[in-house]
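Below is one structure, written out as structure tokens, with a few remarks after it.
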Amino acid sequence: MLRTAVCRFHSVVRSVAIQNVARTTSVLPSRLMSQHSTETDDEFDSRYEAYFNRQDIDGWEIRKAMNDLAGMDLVPEPKIVNAALRACRRVSDFALAVRFLETIKSKCGNRVQEIYPYILQEIRPTLDELGINTPEELGYDKPELALKNVYDM
Amino acid sequence: MASRLLFSSLRQVQKLQKACIHGRSRIGNREVVGFGYNGQYSYQDRVDFPMPAIRFKESTPDIVALREKEKGDWRKLTLEEKKALYRASFCLTFSEINAPTGEWKSIVGLACVFMSIGIWIVILEKLFVYKELPASFSEESKKAQLKRMIDLRVNPIEGIGSKYDYEKGEWKK
């Protein structure tokens, strides 16, 4: 779609430029470059919320979105987290929900003391409704098991 | 007949190759739950990519029973069951991934060992390998050398000759 539009625009520009080149030496500027995303934060939030709220979402799609969120420079809004937890409930994957909460905590970085309690406070009703425990309640805020080095086995 | 045999055996090989490419033959009966890093059925604990393609543990009968129970109300699961579910899907928690390994101690220790070996080599070479320093390293020889360099006006622009006042016969202040 974009490509055809660009090609058409380019051919038009070129024909005009060739006609005008005898009279003027200037050529119309046409730069073929990518556009930056103009999505606002609200649009981003509602896009991900709607994605997680889809009724027929499956585990692959949930994991894909969670991995994407883990790779972005942001902490997901509580409403995205809520929608994600409900999506985990729909596919019946408890471990995924806890892992996602751990990801949120990890995403808070060095401001975990400020952001993480706020998110927990916002999603607390959902946690109670679905029966999800936070990683702290499961004792996962401290290392529980040690993994033996594979080279020592 | 022969060609059909060849084709059927080739198809077997192809199937085997496909299974190998994605690692299906290596994961036992572990459930494939996502795309993973690159489409291969591998498990890895990564903070920046928290959901790998397969579950960590194979689907043993008690885990399958637990998964059946998971389809019901999560509030009825006990803490032990929840932790078992987590460990069936994932190997390490985030705090365990980020836990310090203590490896820096062995690295620092080994570095110190090798540095001390190097220092000992220098000391032993001084003691047993090298001869005495030549006579020109004595204090008088070095003074005589300096005197001669001044007399020869060595390096008069920026060096030793430029720092010596030849009219007064002393170092410039």
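The values are calculated or read from the model by the stated rules, or taken from the named source; none is laboratory data. Keep in mind the model is a prediction, meaning the values are calculated, not measured. Virtual Cβ from ideal backbone geometry, glycine too; neighbours counted across all protein chains shown. Only protein heavy atoms, including side chains, enter the accessible area calculation; ligands, DNA and RNA are left aside. Shrake-Rupley method; radii C 1.70, N 1.55, O 1.52, S 1.80 Å.
General observations
- Test: residue in segment A:56-63 that is open to solvent by 50 Å² or more (accessible area, probe 1.4 Å) and either closer than 23 Å to B:Ala99 by Cβ or of a type in the set (Ser, Thr, Tyr) (or both): no
- Among all positions in segment B:114-123, there is no residue which is free of Cβ contacts under 8 Å to residues at least 60 places away in the same chain, within 14 Å of chain A (Cβ to nearest Cβ) and open to solvent by 100 Å² or more (accessible area, probe 1.4 Å).
- Criterion violated by B:Gly28 - all others in (1) at pLDDT below 90; (2) assigned to a helix (DSSP H, G or I); (3) in contact with a Ser or Thr (Cβ under 9 Å, 6 or more places away or on another chain) satisfied: (2)
- Taking segment A:71-153 as the region of interest, the helices (runs of 4 or more DSSP H) fully inside it that hold 1 or more residues being closer than 19 Å to B:Asp73 by Cα and open to solvent by 20 Å² or more (accessible area, probe 1.4 Å) are A:78-90, A:112-130.
- In segment B:49-160, counting only helices (runs of 4 or more DSSP H) that sit wholly within it, the ones holding 2 or more residues that are over 18 Å from A:Leu101 (Cβ atoms) span B:61-70, B:103-128, B:139-151.
- Residue within segment A:71-86 that is within 14 Å of the chain's Cα centre (by Cα), small (Gly, Ala, Ser) and at pLDDT below 95 present: yes
- Qualifying positions in segment A:35-55 - surrounded by fewer than 17 Cβ atoms within 10 Å (Cβ to Cβ), over 23 Å from B:Gly36 (Cβ atoms) and charged (D, E, K, R): A:Glu39, A:Asp41, A:Asp42, A:Glu43, A:Arg47
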